[in-house]
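What follows is a single structure, written as structure tokens, with notes after it.
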Amino acid sequence: MKVLILCTGNSCRSQMAHGWLQSFDPNITVCSAGTQASGKLNEKAVAVMREAGIDISHHTSDSVEKYLNEEWDYVITVCGGANESCPAFFGKVKHRLHIGFDDPSHAVGSDDFIWSEFLRVRDEIKEGFYKFYVENIKGK
């Protein structure tokens, strides 16, 4: 089973989703990429995942170009609000899905508020990807 998780920058939401999905089943091949990959991980995303017991600090922020020639069982976009455009993937894909989330890296306010947004989105990603895992992968 191969799953590619796509976003624009591949620094935050797609990285958290990658970490969660891999934690549910280490036998799944999970990769994440961005159409405009930032080249680095969001430090707060790494920190909130570490707080949940998942280390994503070794992940890399990769361009979607790296994965275009591979075949995927699922390609999942995680872009959120109406102001964001989700990337298109033109490789060989059995199933395309969208599971959208707000971008906590755009949160504005106090440090506590921004941290609470990262926690909220982290937990929403866990819930959304666990539902995906149970409905589409587990036991199949």
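The values are calculated or read from the model by the stated rules, or taken from the named source; none is laboratory data. Remember, predicted model here, so these are calculated numbers, not experimental data. Here the Cβ is made from the backbone with ideal geometry for all residues, glycine too, and neighbour counts use every protein chain on show. All accessible areas refer to the heavy atoms of the entire protein, side chains included, with ligands and DNA or RNA removed. Shrake-Rupley method; radii C 1.70, N 1.55, O 1.52, S 1.80 Å.
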Determine, yes or no, whether Leu97 is surrounded by fewer than 16 Cβ atoms within 10 Å (Cβ to Cβ) and within 13 Å of the chain's Cα centre (by Cα). yes
Check on Lys131, among the basic types (Lys, Arg), in a helix (DSSP H, G or I) and surrounded by 19 or more Cβ atoms within 10 Å (Cβ to Cβ): no
Within segment 4-45, the residues that are within 14 Å of Arg122 (Cβ to Cβ) and free of Cβ contacts under 8 Å to residues at least 24 places away in the same chain are Glu43
Out of the residues in segment 60-94 that are polar (S, T, N, Q), more than 16 Å from Ala17 (Cα to Cα) and open to solvent by 50 Å² or more (accessible area, probe 1.4 Å), state the one that is modelled with the lowest pLDDT. Asn83
Step by step: first the residues of segment 51-66, then only those that are over 15 Å from the mean Cα position of the chain (by Cα) and not in a loop (DSSP other than H, G, I, E, B), then the one that is farthest from Thr8 (Cα to Cα). Which residue is that? Glu51
For the subset of segment 16-47 comprising residues that are part of a helix (DSSP H, G or I) and in contact with a helix residue (DSSP H, G or I) (Cβ under 6 Å, 6 or more places away or on another chain), which member is surrounded by the fewest Cβ atoms within 10 Å (Cβ to Cβ)? Phe24
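Pick out the one residue from Arg13, Arg50 that is out of contact with any Cys (no Cβ under 8 Å at 6 or more places or on another chain), among the basic types (Lys, Arg) and surrounded by 13 or more Cβ atoms within 10 Å (Cβ to Cβ). Give the steps one after another, and end with the answer.
Details: Arg13 fails: out of contact with any Cys (no Cβ under 8 Å at 6 or more places or on another chain).
None of the other options fit; the residue is Arg50.
Being open to solvent by less than 60 Å² (accessible area, probe 1.4 Å), modelled with pLDDT under 95, of a type outside the set (Val, Ile, Thr) and not in a loop (DSSP other than H, G, I, E, B) narrows it down to one residue among Ser105, Ser116; which is it? Don't jump to the end; show me each part of the working.
Values: Ser116 fails: modelled with pLDDT under 95.
Of the residues listed, the single one that is open to solvent by less than 60 Å² (accessible area, probe 1.4 Å), modelled with pLDDT under 95, of a type outside the set (Val, Ile, Thr) and not in a loop (DSSP other than H, G, I, E, B) is Ser105.
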